[in-house]
Each structure stands twice: as structure tokens, then as C-alpha cells.
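Report on one structure; see the data block that follows.
The values are calculated or read from the model by the stated rules, or taken from the named source; none is laboratory data. What you are looking at is a predicted structure, and each value in this text was computed from that prediction instead of being measured. Cβ sites come from the backbone with ideal geometry, for glycine too, and all protein chains shown count toward neighbours. For accessibility, only protein heavy atoms count, side chains too; no ligands or nucleic acids. Shrake-Rupley method; radii C 1.70, N 1.55, O 1.52, S 1.80 Å.
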Amino acid sequence: MLNLETLNEEQKKVVTQTDGPILVLAGPGSGKTRALTYKIAYLLLEKNVNVDQILAVTFTNKAAKEIKERVLRLIEDSRDETPSTEWGSGNKKTPNWIGTFHSVCVRLLRMEADNLSVDRNFVIYDTEDSLKLIKEAYTELNYSPKDLNQNAVLSTISKAKSEMVSPKVFAAQSSGNFFFEKVSKIYPLYVKKLQDNNAFDFDDLLAQTVELFKTHPEVLEKYSSMFKYVLIDEYQDTNRVQYTLAKLLASKHNNITVVGDISQSIYSWRGADYRNMVQFQNDYPSVNVLSLAKNYRSTNKIVQSARNLIENNATHIKIDLYTENGEGDDIVLYEAENERDEARYVVDTIMLNLDSEANFETMPTSAKKYSNFAVLYRTNAQSRAIEEAFITAGMPYKIIGGVRFYDRREVRDLLAYLRVFANKKDTVSWARCINTPPRKIGKVALQKIAESHYDLDLIEDLTKIEWKKYIENAQAMSPVELVDAVLKDFGYLEYLNDGSEDSLSRIENIKELRTVARQYDSLENFLETIALVESSSKPDLGNEDAVILMTLHAAKGLEFEHVFLVGLEEGIFPHSRAMADPKELEEERRLCYVGITRAKKYLHMTYTRRRTFFGQTNSTIVSRFIAEIPENYIQFKYA
């Protein structure tokens with residue numbers, strides 16, 4: 001028998017109410033994974049459901065693995081109490097259908113390959129593979145990458161597939177738009193090339209499964225009958241094709257449980273649609289709505305601050321968050337002079353927490369770790385000032401879900417240009433920048449250039465760019481002037497600007513490098529300083545205990561004793577791109593909600609009076625999100 005005594009009453013309802021459509025509104029830190037895991041074990045042990053009749057879908061392989069392992073442990077723990085079942089005999093069989101949307105669909109497609117345009121040995125193309133097919137299509141259509149960015153084209157096709165828009169429908173909708181009309185010619189050719197290569201891309205795995213179900217009703221009947229219970233985690237992050245898949249697979253029995261929190265929907269740029277949470281209630285009028293409102297993670301001041309903030313969203317589905325963890329400390333709000341002072345505050349506060357005698361007397365050993373501290377920021381470019389402060393202080397850090405600032409591709413590309421300007425004999429830098437952006441210089445031409453010891457006349461003849469002008473005048477020009485020249489005269493900014501979300505992040509990083517360049521009068525001093533920072537910022541792979549740095553998007557699902565939420569200024573957080581769009585502004589607020597609820601005990605929020613960002617120094621306005629947190633929960637500090 002499954003022991004449910006460790007669950008609270010809310011969790012027990014989620015576990016034991018199994019039949020019919022169920023919508024679980026799960027607040028942050030409420031134990032939703034625990035409830036979902038117990039529900040699967042409950043279906044197996046108490047409802048005697050066959051392992052093949054349960055489909056559980058999560059969004060990451062890590063989460064799927066964790067659920068499988070937890071279910072197995074629950075079954076093993078219940079074995080002695082249920083000797084009459086197969087579980088009591090030591091059988092460790094777990095549900096076969098726990099995985100991500102993509103892994104489940106791959107399995108389905110291989111099993112039903114006879115009904116597809118490819119055979120069951122199809123390969124799965126990643127982005128690099130897909131781009132090669134896009135390039136082939138360009139050649140056949142006589143398109144130029146200069147006129148039509150290939151990454152933007154692939155991103156547009158990917159979005160179309162996620163929205164289940166076929167090449168034919170896409171073409172019909174593209175009339176009058178130059179870019180979309182061009183893409184409409186590439187899209188069907190790209191699809192044909194995938195078929196010729198017996199391949200699917202990642203978007204196909206989901207879209208083709210939906211297409212399979214729609215064109216072969218007998219296949220849908222087979223699987224919708226087989227899956228008596230369907231459970232979907234993180235439902236607020238589903239896109240249109242995932243939403244459709246879930247609905248189709250549950251169409252026979254209608255025993256579908258979806259778990260999510262509309263207030264943690266922060267991936268609209270990936271196609272996620274929080275409205276699926278609302279639509280679920282329209283799809284299933286008899287839906288049973290349950291809540292997981294008890295927060296096990298944070299103190300009351302953190303929970304109530306997050307709750308007050310998110311209630312400013314019109315799209316918010318209310319969850320009455322509460323905790324029994326005690327009031328806790330005030331949220332500290334620090335007004336910094338500038339971004340350097342902000343970074344120093346973070347470093348000094350961490351040192352104070354780790355080094356003070358009083359703290360060491362009261363803190364358990366497990367809490368005296370750098371890894372209990374996390375610094376969260378809205379954009380990758382913000383990490384630069386923080387990283388440099390950590391390096392100066394000798395404090396270990398690691399970036400999660402990203403690359404250290406001076407190791408980012410676009411930063412290294414631009415620095416390669418500047419190093420060539422400073423030293424025309426730098427063959428390593430020449431090799432990096434001479435054909436970046438692509439200038440149709442083939443292997444033979446590159447070899448010829450190398451054999452000429454990078455002769456400038458030959459380089460200018462082949463690239464049609466005036467390299468000499470900048471090499472000869474590098475010492476007379478400021479670093480920021482040279483950066484601007486690379487961005488404009490060498491076409492690097494245009495090369496980066498392909499319209500994708502990644503390109504916007506890369507451009508922000510380049511603009512942040514421009515901020516650094518403005519601090520120096522000579523190219524030599526600038527490059528020397530960068531070289532010293534780079535050499536001292538290499539991670540110590542043997543030291544796992546380090547402060548965590550990451551974007552707010554990367555922080556979802558994690559928790560830390562101490563959280564620093566930095567850069568709370570209008571135009572940074574909320575981001576400038578969201579200021580004029582109420583929907584995007586609400587997503588920014590959800591992102592702030594996610595950031596606040598990562599903190600278990602201590603939350604520090606910072607903003608600056610003035611900030612040099614993207615190469616410009618400006619006075620700043622504190623983020624509107626600060627005013628949405630009760631003032632009596634805040635302790636104010638000033639530079």
C-alpha cells in the first residue's frame with residue numbers, strides 16, 4: 001500500500017483524484033513533482049493500472065529521469081506492504097512512457113514508420129544539419145545569405161512547424177511580405193530535402209506525430225485507447241503542437257491531468273502559450289481544478305512579495321500562495337551608484353555572509369558554501385561587470401546555461417579584429433576574423449593568404465575591405481571607434497542581426513563590449529586589460545563550490561539560500577523591448593516572479609542611479625516591479 005502520510009492535504013487530492021480532466025495550479029516550491037510522482041505510483045499500486053497505460057510527459061530528460069527514479073523508489077518502499085501484487089515480488093518495472101514530448105514522439109514515429117514518408121531508421125537533424133539543407137536550398141533558388149539571413153529563415157520555418165502551418169498554408173499567408181515570400185519558397189524545398197535524407201528535424205518529431213494521428217485515425221485510436229491516463233507537467237510552457245498532441249492522446253478516456261502555473265510562463269519566445277492553461281478549462285467543461293498553494297521553499301516575506309507582484313498581471317490565475325516557514329528576513333533593496341558599485345555590493349555581501357564570525361557561529365556547515373549564492377540577471381550582457389568583480393575579488397563563480405562573457409563567440413570575433421588592427425602578424429586572429437562574416441573566401445584562397453603571410457594587398461583584393469586603413473591608424477583611433485568600425489564598415493552588426501532571440505542577445509553582448517571599450521584611450525591598454533581578465537577567468541574545474549551566475553530564464557526550477565536579483569531598472573528589467581507591449585510586460589513580470597521565488601531565505605534586489613550599458617551612460621529609473629512589492633517587507637540600502 002502506498003503511504004501518503006508525508007503529503008499535505010492539497011497534494012493528497014492531486015494524487016487520489018485520478019479520473020476525468022484535472023487542472024492542477026501549482027505554485028512555486030509547492031512540491032508538484034512530488035505530487036506527480038506519487039500520482040503515478042498511486043495509479044500503479046492502488047488502481048492496478050498497467051504500466052503501459054500511463055503516459056507522463058515532462059519538458060527535460062533530467063526531469064523525466066528523476067520522476068522514473070522516484071516512482072521506482074516509491075514502489076520499492078511499498079513492496080513489503082503489498083505482497084499480493086507483482087510489485088511485492090521484487091519486479092522493478094516502471095512505466096514505459098515517461099519522457100519529454102520529443103522522446104515520446106520519436107518512439108511513436110519509429111513504431112509507426114510504415115505510415116510515414118521516411119523509414120524507421122530516420123535520423124534526427126540538429127540546427128547545424130538543418131542549416132546545411134537551408135544553404136543547399138539557397139543555392140538552388142539562387143538566394144544570397146546577404147539578402148536573407150539563413151538562421152532567421154530556419155527560425156521562421158521552425159515556428160511555422162510548431163504552429164502546425166504547412167508550406168502551402170504558409171505560402172498563402174505570406175503574400176506582400178518580402179521576407180516571408182522568400183521563406184515560402186525555401187520551406188517546401190527544405191521539407192523535401194529532409195525526406196530525401198530520411199531525416200526529421202526536432203520540430204518534425206512533434207508536428208509529424210500530429211499529422212500521423214490526423215491522417216491515420218486508426219493509429220490515433222490505438223494510442224488514445226492504450227493511454228488510459230495522461231499526465232503533462234509544466235503545461236503553461238506548451239506550444240500549439242504540444243497542446244494538440246496532449247488533447248489527441250487523451251481523447252479516448254479524457255483522464256488527463258495537467259500541472260502548471262500560468263505565473264511561471266516565461267518562454268513565449270520559444271512558442272510557449274500560457275493561454276493553454278485557460279483553454280484547458282474550455283476544452284473540458286467538467287474539469288476538476290485543484291491547487292498546490294503551500295510553498296515549502298521560501299519565507300513568508302518572499303512568498304507574499306511574489307504574490308503581491310504577480311497579482312498586477314491581468315492574465316494571472318490566482319493561487320493563494322502561503323508558507324509555514326516563518327516570516328524571515330526583509331528583502332534588501334540596494335541602490336548602487338553604478339554597475340561597478342552594484343557588482344561590488346554583491347561580492348561584499350557574499351563575503352560578509354561567509355566570513356563573519358556571527359554567521360559562522362549560527363550557520364550549518366552545509367550553508368557555508370559559495371554555491372548557496374546565486375546572481376540572477378535579465379540579459380547575458382549584464383554578467384560582464386559582475387564577472388570582473390568576482391575575478392578581482394578572487395571569488396569562484398560559474399555561469400549556468402551560458403558562456404563567460406569574454407568566451408562568447410561574438411565577443412571573441414570582435415576582439416580578433418581589434419588584435420589584427422593592433423598586430424597584423426597575429427595569424428590566429430586573422431584566421432578567426434578574415435572570413436567572419438562569410439566573404440566567399442574558399443579554402444584555396446585562405447591557404448594562399450596564409451602562404452603570403454597575410455599580405456594586406458592580397459587580403460584587400462580578396463575581401464574587398466579596407467583593412468590597411470584601420471591597421472595603419474589603430475594607434476590614433478580610440479578602441480570604441482575601432483569597435484564601431486568593425487560593426488559598421490566590416491558588416492559585423494548586420495551579420496549578427498538575423499532577427500532571432502539569440503541574435504538580440506549576441507548584439508547586447510557586443511554593445512556591452514563597446515561599454516568596456518569606452519573606458520580606454522588606447523587600443524594597446526584595452527587589449528592588454530582584456531587579456532589579463534581572460535587569463536584569470538578560466539574556470540577551476542576542480543572547484544565545484546562556486547557562486548552561480550545565470551539569466552532569469554535559466555533559473556526556472558532552481559532554488560538557492562541567497563538570491564541576488566540585479567539590474568531592476570526600467571529598460572533593463574522590464575526589458576526595453578517589452579515596454580510598449582502589455583502582453584510582453586506581463587511576461588517580464590512573470591519573469592520577476594520566477595526570480596523572487598528562487599530565494600529560500602535571503603533575497604537582495606539591486607538597481608543603479610546611473611548605468612553604462614551598451615556603450616551609453618545614462619541616469620536610470622527604478623523598475624516598476626519594486627513598487628509592486630509591499631514596502632514593509634523591504635530594507636533599503638544605499639551606496
Fill in: region 10-37, residues that are open to solvent by 10 Å² or more (accessible area, probe 1.4 Å) and either within 28 Å of Gln304 (Cα to Cα) or of a type in the set (Lys, Arg) (or both)
Glu10, Lys12, Lys13, Leu25, Gly29, Gly31, Lys32, Thr33, Arg34
Worksheet item: Do we find that Glu211 is assigned to a helix (DSSP H, G or I), over 22 Å from Leu109 (Cα atoms), open to solvent by 50 Å² or more (accessible area, probe 1.4 Å) and of a type in the set (D, E, K, R) in this structure?
Response: no
Worksheet item: Among the strands (runs of 3 or more DSSP E) confined wholly to region 557-614, which include 1 or more residues that are at pLDDT below 95 and open to solvent by 30 Å² or more (accessible area, probe 1.4 Å)?
Response: 610-613
Discussion item. Checking Phe625 against (1) in contact with a Cys (Cβ under 9 Å, 6 or more places away or on another chain); (2) among the aromatic types (Phe, Trp, Tyr); (3) open to solvent by 10 Å² or more (accessible area, probe 1.4 Å): exactly one of these is not met. Which one?
Written reply: (3)
Discussion item. I need a count of the residues in region 136-145 that are assigned to a helix (DSSP H, G or I) and farther than 11 Å from Lys185 by Cα.
Written reply: 2
Worksheet item: So which residues in region 1-58 are touching a helix residue (DSSP H, G or I) at 6+ places or on another chain (Cβ under 8 Å) and either without any contact (Cβ under 8 Å) to a residue 24 or more places away in the chain or of a type in the set (Phe, Trp, Tyr) (or both), if there are any at all?
Response: Tyr38, Tyr42
Item to complete: Could you give me the residue pairs with C-beta distances under 9 Å whose first residue belongs to region 95-111 and is closer than 17 Å to Thr33 by Cα, whose second residue is among the acidic types (Asp, Glu) wherever it lies, and which are 6+ apart or on separate chains?
Response: Pro95/Asp52; Trp97/Asp52
Fill in: Residue list for region 261-276, filter: surrounded by 21 or more Cβ atoms within 10 Å (Cβ to Cβ) and more than 18 Å from Leu206 (Cβ to Cβ)
Asp261, Ile262, Ser263, Gln264, Ser265, Ile266, Tyr274
Worksheet entry | The listed residue being in contact (Cβ under 8 Å) with a residue 12 or more places away in the chain and assigned to a helix (DSSP H, G or I), out of Leu133, Leu148 | Leu133
Item to complete: Report, by residue number, each residue of region 125-150 that is within 20 Å of Phe200 (Cβ to Cβ) and open to solvent by 60 Å² or more (accessible area, probe 1.4 Å).
Response: Asp126, Thr127, Glu128, Lys132, Lys135, Glu136
Worksheet item: Which residue out of Glu472, Glu481, Glu466 is at pLDDT 90 or above, farther than 19 Å from Tyr492 by Cβ and of a type outside the set (Phe, Trp, Tyr)?
Response: Glu472
Discussion item. I need the full set of residues from region 290-310 which are within 24 Å of the chain's Cα centre (by Cα) and open to solvent by 10 Å² or more (accessible area, probe 1.4 Å), in order please.
Written reply: Arg297, Arg307
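Table: residues versus (1) at positive phi; (2) assigned to a loop (DSSP other than H, G, I, E, B); (3) among the aromatic types (Phe, Trp, Tyr); (4) at pLDDT below 95.
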| site | (1), (2), (3), (4) |
| --- | --- |
| Leu231 | no, no, no, no |
| Tyr243 | no, no, yes, no |
| Lys252 | no, yes, no, no |
| Val258 | no, no, no, no |
| Ala272 | no, yes, no, yes |
| Val289 | no, no, no, no |
| Arg297 | no, yes, no, no |
| Asn308 | no, no, no, no |
Worksheet item: How many residues does region 424-441 hold that are within 22 Å of Leu493 (Cβ to Cβ) and either of a type outside the set (Ser, Thr, Tyr) or open to solvent by 90 Å² or more (accessible area, probe 1.4 Å) (or both)?
Response: 11
Practice prompt. Run down Val183, Val219, Val169 and say which single residue is hydrophobic (A, V, I, L, M, F, W, C), over 18 Å from Gly271 (Cα atoms) and open to solvent by 30 Å² or more (accessible area, probe 1.4 Å).
Written response: Val169
Discussion item. Any residue at all in region 277-289 that's surrounded by 19 or more Cβ atoms within 10 Å (Cβ to Cβ), under 17 Å from Arg590 (Cα atoms) and under 25 Å from the mean Cα position of the chain (by Cα)?
Written reply: yes
Worksheet item: What pairs can you find where one residue is in region 473-497 and under 17 Å from Ile507 (Cβ atoms), the other is open to solvent by 30 Å² or more (accessible area, probe 1.4 Å) and of a type in the set (Ser, Thr, Tyr), and their Cβ atoms are less than 9 Å apart, with a gap of 6+ or different chains?
Response: Val480/Tyr520
Discussion item. Can you confirm whether Asn632 is free of Cβ contacts under 8 Å to residues at least 12 places away in the same chain, touching a strand residue (DSSP E or B) at 6+ places or on another chain (Cβ under 8 Å) and not acidic (Asp, Glu)?
Written reply: no
Response to the item:
Per the filter on region 74-114, residues modelled with pLDDT under 90, open to solvent by 20 Å² or more (accessible area, probe 1.4 Å), out of contact with any Ser or Thr (no Cβ under 6 Å at 6 or more places or on another chain) and part of a helix (DSSP H, G or I) are Glu76, Asp77, Arg79, Asp80, Glu81, Glu86, Ser89
